[in-house]
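Step one of this worksheet: look at the structure below.
Coordinate-derived values only; no laboratory data. Just so it is clear, the structure is predicted and the values come from calculations on it, not from any experiment. Virtual Cβ from ideal backbone geometry, glycine too; neighbours counted across all protein chains shown.
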Amino acid sequence: MAHTPHQSVLYHEIIHALQPKNKGLYVDGTLGAGGHARGILEACAPDGRLLGLDVDPQALALARKTLAPYGERARLTQASYDSLNETLREIGWEKVDGILLDLGLSSMQLDTPERGFSFQHDAPLDMRFDPASPTSAADLVNTLPQDELADLIYHYGEERASRRIAQAIVKARPLRTTRQLATVIESVVPRKGHIHPATQTFQALRIAVNQELERVEDVLPQAVAALKPAGRLAIISFHSLEDRLVKEFFRRESRDCICPPRQPVCTCGHKATLKEISRKPITPGDAEIKANPRARSAKLRVVEKL
Ligand SMILES: C[S@@+](CC[C@H](N)C(=O)[O-])C[C@H]1O[C@@H](n2cnc3c(N)ncnc32)[C@H](O)[C@@H]1O
C-alpha cells in the first residue's frame, strides 16, 4: 500500500494560473491524490465544477476521499487524459474554463514498492500507471530485441550508455525485479555522484510502458479544442522530453504563421489559437524544493485560449 501522501507541486502557482471562478468548469487530467483538484474546487466555490481523471484506480480512490466534501461539484472518473474530448462529450460538457495536467507519477506510486517504479525497493518490474494495461516493464525488458531496447533507453532515458545497458540486460534475461535490473545496470555503468546509474533507464521504461509522450502529444490539441476563449491550460512536466513537447506545441500554437523562417511569403495560413502567459517556464522556489525535493525538476507552462 502507499505510504507517502503526495505533496502537490507548484500548488499556488497552479491556482494563480487557472484563476478558477464561480460557475466555471475545470478539468484535472491527472488527479493523483486530488491536492490540486481540491484547490481548484475551493477557488471556484460555490458552484464551479471539476472533472477529475486518473488511470490509476488507487489514485482515484484516494482522490475520491479527498474530494468527498465537494459532493457533485467533483466528477471523478477512471480515464486517460488523452481521452479528454470523448470523456467531456460523455458527461455533456461542451467547453471548459481551465485544464490542468500534472504529468508523471505521484509519491504514492513511487513509494509503493509493488508498483515497481523505484529501484530503492525490490519489487516486480511493473511501472504501469493503470495496472490493467497490457504491457509491464518486465515485458519490455524481457522481450524487446536488443537494438529496440537500446533505442528506447537512449531516446526516453537520454542515456548515453544505452547500448551497453541493453546488451547486459539481454545477457541477464529473464529479469523479474527492480533490484535485478538495477544490479545489471550498475555492473556496466559507473556511479556518477549521487545519481544512481539506473535512474535514466528506469525513466525510459516508465515512459515507454505508459506511452507518456504519445499521450501528451495526443492531449494537447484536444485540450485547446476543449477550452472556451480565455480558458487556460496549465501543464507541469518533470523531464525535458515532456517539457519540449509542451513548449514546442505552445510556441507553434501562439504564432500566426509557422512557415520556415527563410520563406519570404506565408503559405501555411496558420492562425494562432493560444497566447503564452509566460515565455519562460515557472519553476518551484528554494523553499518548495527544500520542503519537497521531488519538486526540483518541475516546470509549469501556461497558455490562454484566444
Ligand atoms: C504527479 S501525479 C498528480 C498529483 C496531483 N496533481 C495532486 O495534487 O495530488 C500524476 C498522476 O497522473 C496519473 N496519470 C499518469 N498518466 C495518466 C494518463 N495518461 N491519464 C490520466 N492520469 C494519468 C498518475 O496515475 C498520477 O496519479
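Kirkwood's formula applied to the C-alpha pairs of segment 188-239 gives a hydrodynamic radius of 13.9 angstrom.
Apply 1/(1 + (r/R0)^6) to the Cβ-Cβ distance of His194 and Ala287, taking R0 = 22 Å, and write down the FRET efficiency to the nearest 0.05. Result of the calculation: an efficiency of 0.50. Per-residue ellipticity at 222 nm from helix content only, as computed over the chain with -39500 (n - 2.57) for each DSSP H run of at least four residues, stands at -12000 deg cm²/dmol. If you line up the long axis of helix 57-67 against the longest principal axis of the chain, both from Cα atoms, how many degrees apart are they, to the nearest 10? For 57-67 against the chain, the angle is about 40 degrees. Among Phe249, Phe129, Phe117, which one moves the most in a GNM of the chain with springs linking Cα atoms closer than 10 Å? Fluctuation is largest for Phe249.
Close lysine pairs were tallied over the chain: pairs 8 or more places apart or on different chains with Cα atoms under 15 Å apart number 14. Principal axis analysis of the Cα atoms in segment 1-115 yields extents of 40, 29, 23 Å, listed in decreasing size. Applying both filters, DSSP loop and at most 11 other Cβ atoms within 10 Å, to the trypsin sites (Lys or Arg not before Pro) of segment 1-53 gives Lys23. Computed over the chain, the P(r) curve from all C-alpha pair distances, binned at 20 Å from the origin, holds 32, 55, 14, 0 percent per bin. Over segment 81-211, what is the mean sequence separation of C-alpha contacts under 8 Å (at least six apart), divided by residue count, expressed as relative contact order in percent? Relative contact order comes out at 25 percent. Counted over the chain, the DSSP beta bridges are approximately 40% antiparallel. Each Cα pair under 8 Å and six or more residues apart adds its separation to the average, and for segment 14-109 the resulting relative contact order is 34 percent. Springs join every pair of Cα atoms under 10 Å in this Gaussian network model of the chain, and among Pro260, Pro57, Pro113 the largest mean-square fluctuation is at Pro260. Taking the average, over residues, of other Cβ atoms within 10 Å as the packing measure, peptides 195-205, 136-146, 224-234 rank 195-205, 224-234, 136-146 from highest down. Computed over segment 228-271, the alpha-carbon pair-distance distribution with 10 angstrom bins reads 23, 40, 29, 8, each value a whole percent.
Dimensions of segment 155-302 along the principal axes, based on C-alpha atoms and rounded to the nearest Å, stand at 55, 40, 29, largest first. Once the GluC sites (Glu not before Pro) in DSSP loops with at most 14 neighbouring Cβ atoms within 10 Å are cut out of the chain, the longest remaining piece is 159-306.
Under 5 Å from the amide H of Leu76 lie the amide H atoms of Gly52, each residue being 5 or more positions distant or on a separate chain, with H modelled from the backbone and absent for Pro and chain starts. Per residue, the average separation of C-alpha pairs within less than 8 Å and at least 6 apart gives segment 238-306 a relative contact order of 34 percent.
Counting Cα-Cα pairs of segment 19-77 in 10 Å increments starting at 0 gives whole-percent bin shares of 28, 59, 13.
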